[in-house]
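Have a look at the structure below before the remarks.
The values are calculated or read from the model by the stated rules, or taken from the named source; none is laboratory data. Worth saying up front: this structure is predicted, and the values here are computed from it rather than measured. Heads up, the Cβs are rebuilt from the backbone with ideal geometry, glycines too, and the neighbour counts pull from every protein chain shown. Note: areas computed on protein heavy atoms with side chains; ligands, DNA, RNA excluded. Shrake-Rupley method; radii C 1.70, N 1.55, O 1.52, S 1.80 Å.
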Amino acid sequence: MTGFLISIKHRFPAIWRAVEWANGKAMRLRYPRLGMIATEKASSVSLAGFRFSPLQETDLTDLHRFLMTLPEDSVAYFNPHAFTLPALRRLHRSGSFVMLGVRQGDTLVGYHFLRCFASGRCFHGLVVSPSAQGRGIGTAMWDLGARIATAAGLAMFATISEHNHPSLTSCTRGCHTTIADRLPGSYLLIRCQPKKHKA
């Protein structure tokens, strides 16, 4: 099913937008506390020098700038959605996307998200600025994503290339992982669960 959805997303974008619209409506009905849970869990992250929080619409200009200035090697395996400002606004308003940022002072240095489905699954993706890598941010993002999903009653998955060793390492550090399936193009479908539960 995951491979089929990915195919629809890339081959039939108009159909995918309709699916996202309907899914967003269903998500608001089935998971009305998702945003509140994300805010609560993000505030509990303790990583010296960095602040984790859900992104508000007023943060999207910063997010757009951050994504557009990432070097090519940072986005080689990170192509989850369009990076244009209108696309980011549409996703933020969709009801099915939890968008989170990591700031160092006032500077956005990391972005991660949960793309959620009313069927009870969500998919996590992330990217960290090269200037902030090696500081544990990615591991904390995986942990936070898994804790939000679990608290909301969602099963969290990720699709990661077998060749993307940094992401695979970061994922296994932040979560309990199980390979659920192998997808086309050497991608793995990975089930992610919290290693420990926090308040």
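Miscellaneous remarks
- Positive-end extreme of charge dipole, segment 1-194 - chosen from A42, T172, A76 (charges on Cβ): A42
- When only alpha carbons of segment 111-199 are considered, Rg and Dmax amount to 12.4, 38 Å.
- In the full protein context, the chain carries 51 Å² of accessible surface per residue, based on a 1.4 Å probe and ignoring ligands, DNA and RNA.
- Rounded percent of accessible protein surface that carbon and sulfur make up, segment 1-194, 1.4 Å probe: 55 percent
- Local electrostatic count at H112 - Lys and Arg +1, Asp and Glu -1, tallied over other residues with Cβ under 15 Å: +4
- Net charge dipole size for segment 103-171 [Lys, Arg +1 and Asp, Glu -1 on Cβ; Debye, nearest 20]: 120 debye
- Segment 13-103, dipole about Cα centre (Lys/Arg Cβ +1, Asp/Glu Cβ -1), debye to the nearest 20: 440 debye
- Normalised per residue, the volume of the convex hull around the Cα set of the chain (Å³): 114 Å³
- Cut-off 18 Å (backbone N to label point 7 Å along Cα→Cβ of L85), residues of segment 96-138: 108
- Rounded to the nearest 20 debye, the dipole magnitude of the chain is 620 debye, with +1 charges on Lys and Arg beta carbons, -1 on Asp and Glu beta carbons, and the Cα centre as origin.
- Shown are H176, H92, whose ranking by accessible area with a 1.4 Å probe and every protein chain present, most to least, is H176, H92.
- Value of relative contact order over segment 12-158, rounded to a whole percent, pairs C-alpha under 8 Å and six or more apart: 26 percent
- Close Lys pairs in the chain (alpha-carbon distance under 24 Å; sequence gap of 8 or more, or different chains): 5.
- Span from the segment 94-141 Cα centroid across to the segment 21-65 one, whole angstrom: 9 Å
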